[in-house]
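In what follows, a structure is listed as structure tokens, so that the remarks can point back to it.
Bear in mind that the values in this text are calculations on the coordinates, not laboratory data. All of these numbers come straight from a predicted model, not from anything done at the bench. As a convention, Cβ positions derive from the backbone with ideal geometry for all residues, glycine included, and neighbour counts pool all protein chains shown.
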Amino acid sequence: MSSVQDTVFDIIAKESGIDRARITPDATLKDLEIQSLDAVQIIFEIEDHFKITMPDRDPKFDTESVKGLIETVEKLLAEQATQPVP
């Protein structure tokens, strides 16, 4: 399990109040019965923690599933690492 996955699981559990053991990469936020307001807060917390900006309604990114969130964070972090520091 990657540290990104661990952190995303922790943020989802904290913000939604659900047991971390219920969270799997294959679950969707809907499967976990996470309300849309909580989902937005989860996205904000992920952005704050990783210092990234998640894409809004970009069809190339899946932000509805846990796996999609993890992959999006990993991709954005990899892109960030290749950017020159201003």
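Tabulated data
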{"read-out": "Verdict on Ile34 being in a loop (DSSP other than H, G, I, E, B), surrounded by 13 or more Cβ atoms within 10 Å (Cβ to Cβ), among the hydrophobic types (A, V, I, L, M, F, W, C) and touching a residue at least 24 places away in the same chain (Cβ under 8 Å)", "value": "no"}
{"read-out": "Given (1) in contact with a helix residue (DSSP H, G or I) (Cβ under 7 Å, 6 or more places away or on another chain); (2) surrounded by 12 or more Cβ atoms within 10 Å (Cβ to Cβ), number of the condition Thr53 does not satisfy", "value": "(2)"}
{"read-out": "The listed residue being among the charged types (D, E, K, R), surrounded by 14 or more Cβ atoms within 10 Å (Cβ to Cβ) and assigned to a helix (DSSP H, G or I), out of Glu79, Glu71", "value": "Glu71"}
{"read-out": "Answer residue from the stretch 5-31, given it is surrounded by fewer than 18 Cβ atoms within 10 Å (Cβ to Cβ) and β-branched (Val, Ile, Thr) and is farthest from Lys75 (Cα to Cα) among those", "value": "Ile18"}
